[in-house]
């Protein structure tokens, strides 16, 4: 019997082919929107969280706050420095930074950059002197490890924008100065520190520089070439593998003479998530000089950010408090933020965006459902005589109800299947073409089994629910009246 | 045995009340060919609908083999229609999207009969009305007479005790009509009866029981076997 009802339902859909397809189209558009938006949303979220995971959730970032200003101001300073040279000229003092820029998002790749952070907006400042961001003292990593039991590793990391001259081009570039032990302890912080060419740092005694993939292209350097960094001659000892993080913003790399001085996280149009995406593990636009070497050459590198790894299983919040207390005891005010906090902040922002997108998609789906209900209602009116026939040959009210529910459910399901397919294609196209425009390339849409089966089940049920009222009305028809209708 | 006791049926058409039946008493023995005659609007179709459980009386009782049909639930009425009666209508009332064979299968499949059994029985029923070669055709590809034969096959397929036919020859030419009547006549037999509603006096001639109805009341009841005329 059931099979026959399915066949009857399918026959009915076929017999009103054009209207059925238009109805299915309505559902299809809604499902397509849901699938595309949700798969892209969860794909982006997964990609972002993966970056945090790569760095490690056992990592804390300690920033000296100095005498003036609160820890938030220090964080802002660090972030502002991270915004890099593209903001030069229009940069405002840290205290005037708007909340969106500073709202809990922290960009590790910006950490410790001191140039421009006073907001003078003059290129000469960047090119020449490296003014302090604030009068804070660096945290001594070894001391921190000895003072806080949960801290197993700590290392300092400084970034400054310096004038760089290469064989092919020159300009301002972000120069980071990790120590040898930092490289050993926290490679994940530098995108895994994977060398595409060369050997990395081999000798603290000589001027060696490791160049990020894109910087190497822009400068036109290979391993063994010479570079002038702030009047000092360096030999390129290694070139890093591309980090896989997106090209920054819309600025092309074609004009390194003027456009080279970006700082690795300067996607001003891409919003916060983009900044984080490109910033966290982006080594592509930076140069690396060993801290030990840099300290000998320059004495104005600015305040270092201290990266801390806590013991396995240690309570992150407790460790954080311990660090703040210990540093405060020795007179160094610090601001501590964990990778988990950063991830949480991003995740909640992405979650909000996803929810808004899902709501928009749900409206599309609702419109489709109303269209389906309309079609079913018309179908019941048109098929009154058929309902009468079915009842005359012994169909119960329940069987008539089931017939119409299957009918509308089938249309919902077909819309769901097609919408799933088209949504999948759209989201891949979106990831391929729209992603780069937003500066987000390192993600692919995520199709969980939950999403696929959820969408199919939901569209069938949606179809059923939309058809429920018309079907109920159909099932309650008096057979004599139904038979009398033309 | 079918017994109608003081049966009334009132329809509401907007604010107007239509008294289709006004106190019908009737007793019909099994294995009868009953013809109900009367002018349009006399209530003859309503009588058939009540006997076929397509509708329930407003007042009074329709009792079939001791069971009051008006007291049955919606589901029980559906089961009664499926098991006990088969309908044949003037306008054939076939499902247009199904083939002749599928139309005939329908009552069986609604009763959860296995697909193979349903198919065999339906094919056999179609064969018995001479439509073996037209089984795969949709109603729109069949002539009026053929459609009515499909409808009769559908009415027969569940082996009901009653065939209820409402003007079955009304849309057919004389020859085809006679063929259809022959089929219905042939159905009457062992525990099988036919109630045929018509206003064609010619058909009345083949009736075992002739019920003449006017304005919702039985005007006369003629039973061939006893040659008795009861005039109200």
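The values are calculated or read from the model by the stated rules, or taken from the named source; none is laboratory data. Small disclaimer: the values here were computed from a predicted structure and weren't measured. Positions of Cβ are backbone-derived with ideal geometry, glycine not excepted, and every protein chain shown enters the neighbour counts.
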State whether one or more residues within the range B:31-43 are out of contact with any strand residue (DSSP E or B) (no Cβ under 9 Å at 6 or more places or on another chain) and surrounded by fewer than 19 Cβ atoms within 10 Å (Cβ to Cβ). yes
Of the residues that make up the range A:443-465, is at least one under 30 Å from residue B:139 (Cβ atoms), in contact with a helix residue (DSSP H, G or I) (Cβ under 8 Å, 6 or more places away or on another chain) and within 14 Å of chain B (Cβ to nearest Cβ)? no
Reported set for the range A:175-204 where residues are in contact (Cβ under 8 Å) with a residue 24 or more places away in the chain and assigned to a loop (DSSP other than H, G, I, E, B) is A:179, A:186, A:191, A:192, A:193, A:194, A:199, A:200, A:201, A:202, A:204
Yes or no: the range B:114-121 includes at least one residue that is buried (at least 24 other Cβ atoms within 10 Å of the Cβ), facing another protein chain (nearest Cβ under 8 Å), in contact with a helix residue (DSSP H, G or I) (Cβ under 9 Å, 6 or more places away or on another chain) and part of a helix (DSSP H, G or I). no
Can residue A:156 be described as over 28 Å from residue A:64 (Cα atoms) and touching a helix residue (DSSP H, G or I) at 6+ places or on another chain (Cβ under 8 Å)? no
If you go through the range A:291-310 one residue at a time, do you hit one that is in contact (Cβ under 8 Å) with a residue 24 or more places away in the chain, assigned to a helix (DSSP H, G or I), in contact with a helix residue (DSSP H, G or I) (Cβ under 9 Å, 6 or more places away or on another chain) and not assigned by TED's automatic domain parsing to the domain that holds residue A:162? no
What's the number of the condition residue B:161 fails, among (1) without any contact (Cβ under 8 Å) to a residue 60 or more places away in the chain; (2) touching a strand residue (DSSP E or B) at 6+ places or on another chain (Cβ under 7 Å); (3) more than 20 Å from residue B:205 (Cβ to Cβ)? (1)
Test set (1) surrounded by 21 or more Cβ atoms within 10 Å (Cβ to Cβ); (2) more than 10 Å from every other protein chain (Cβ to nearest Cβ) - residue B:90 fails condition number: (1)
Quick one: in the range B:96-109, of everything that is touching a helix residue (DSSP H, G or I) at 6+ places or on another chain (Cβ under 6 Å) and at pLDDT below 90, which residue is farthest from the other protein chains (Cβ to nearest Cβ)? B:96
Checking residue B:145 against (1) surrounded by 16 or more Cβ atoms within 10 Å (Cβ to Cβ); (2) within 12 Å of chain A (Cβ to nearest Cβ), only one condition comes out false. Which one? (2)
From the list A:419, A:412, which one is more than 14 Å from every other protein chain (Cβ to nearest Cβ), crowded, with 21+ Cβ neighbours inside 10 Å and at pLDDT below 90? A:412
Among the residues that make up the range A:389-397, is at least one of them surrounded by 23 or more Cβ atoms within 10 Å (Cβ to Cβ), under 14 Å from residue A:16 (Cα atoms) and more than 7 Å from chain B (Cβ to nearest Cβ)? no
Being outside the structural domain of residue B:174 (by TED's automatic domain parsing) and within 30 Å of residue B:174 (Cβ to Cβ) is the requirement here; does residue B:138 meet it? yes
Could you tell me whether the range B:176-196 includes any residue that is touching a residue at least 24 places away in the same chain (Cβ under 8 Å), more than 18 Å from residue B:35 (Cα to Cα) and in contact with a helix residue (DSSP H, G or I) (Cβ under 7 Å, 6 or more places away or on another chain)? yes
Within the range A:365-383, of all residues that are within 14 Å of chain B (Cβ to nearest Cβ) and crowded, with 20+ Cβ neighbours inside 10 Å, the one farthest from residue B:91 (Cα to Cα) is A:379
Residue check for residue A:346: in contact with a helix residue (DSSP H, G or I) (Cβ under 9 Å, 6 or more places away or on another chain) and within 30 Å of residue A:326 (Cα to Cα): yes
Touching a helix residue (DSSP H, G or I) at 6+ places or on another chain (Cβ under 8 Å) and surrounded by fewer than 24 Cβ atoms within 10 Å (Cβ to Cβ), is that true of residue A:431? yes
